[in-house]
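Notes follow the structure.
No lab work stands behind these numbers, since they all come straight from the coordinates. Since we're looking at a predicted model, the values are computed, not measured. No Cβ is skipped: glycine too gets one built from the backbone with ideal geometry, and neighbour counts run over all protein chains shown.
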Amino acid sequence: MILHLSDLHFGTEKPECMRAIQQFCREQRIEAVVASGDLTQRARYRQFYACKQFLESLKLPYIVVPGNHDIPLYHLWNRVFSPFARYQLFFGAMENVLETEHFYLIGINSIRRRYHTRGHVSLEQIHHVDELLKHAPPNKVKLIIAHQPFYTPPNDPHGVKDCPVQGRLALEQWSQHGLNGLLHGHLHVPASYDLNQIYALGVDHPVWDIHAGTATSYRLHENLANSFNVIDEQMNVRHYFYHSKLKIFEENLSTHVLDEL
């Protein structure tokens, strides 16, 4: 199974949540860790460094992608000419593939300085990911990691303005070659939606859009607890929420995300 973290927002991190995640990783059989963007609060060196140290402390393979908070906001020169320089200094390429015993994980960069909140997926990215999916091991769960969700419900105040430009086109292509799901953050609210049903993709299997809350930050959505997702090789997805008195993350059995539809 994989541990899906998001919106760590180092610079606003809660040490108690970090310790609880470290404990969770020591006690569970995790194949890999996914961090779906917003690693930092303001893309500062010390924030990237702290995030890197934390992820390394989990002693597990991990894959990360940038979020909109991982490019400079106030340093306009850097934002225009080298928006990802600090991210790349600590984490290297912005798009990677991580293969584990049961999972084939593809990270894509949906962040554009012109689409600071919404994000964008280019035709080149769509084609490149499609080729990766075509040649991925057929017996492994195939997941894409991007910061912005590819779907928000009608009652969500963010709406489509927080879904990547050309995301629907990407889904129509990728779903034809075995994509099982996408992992996101951005909205700080855990949820999951079957995009095959919502968008009528025409494939014979669910394509899950899996959202994560914020794992370590004080920047909580409407007082939700800090949380993360755990996903197993059967695509069962579980929320874990931070219990402040016990100082651990506990599974919330009443909110199994794949039962929310």
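Taking label positions 7 Å along the Cα-Cβ direction at both Asn236 and Tyr218, the computed distance is 3.8 nm, reported to one decimal.
Note on the chain: GNM, Cα springs under 10 Å; of His221, His177, His188, the largest mean-square fluctuation is that of His221.
How high is the relative contact order of the chain, in percent, with contacts defined as C-alpha pairs under 8 Å that are six or more residues apart? Reported as a whole number, the value is 21 percent. By the combined test of axial Cα extent (at least 15 Å) and Kyte-Doolittle hydropathy (mean at least -1.0), the qualifying DSSP H helices of the chain come to 15-27, 45-57, 123-134. Mean residue ellipticity, 222 nm, helices only, the chain: the sum of -39500 (n - 2.57) across DSSP H runs of n ≥ 4, divided by residue count and rounded to 500, is -7000 deg cm²/dmol.
Work out the FRET efficiency for Asn96 and Arg44 from their Cβ-Cβ distance, taking R0 = 30 Å, and round it to the nearest 0.05.
The computed FRET efficiency comes out at 0.85.
Using Cβ point charges alone (K and R +1, D and E -1), the dipole size of the chain about the Cα centre works out to roughly 1180 debye. One chain, two ends: Asp130 and Gln53. Fully extended at 0.36 nm per residue, the span grows by 24.5 nm beyond their Cα-Cα distance.
When Rg and Dmax are taken over the Cα atoms of the chain, they come to 16.9, 48 Å. Length gained on full extension, Leu246 to Gln88, computed as 0.36 nm times the residue gap minus the Cα-Cα distance: 53.2 nm. Taking other C-beta atoms within 10 Å as the exposure proxy, Arg26, Arg112, Arg19 rank Arg26, Arg19, Arg112 from fewest upward.
Measuring max minus min along each principal axis, the C-alpha atoms of segment 128-261 give extents of 47, 33, 25 Å (largest first).
The residues packed around Phe150, meaning those with a beta-carbon under 9 Å from its beta-carbon, carry a net charge of 0 if Lys and Arg are +1 and Asp and Glu are -1.
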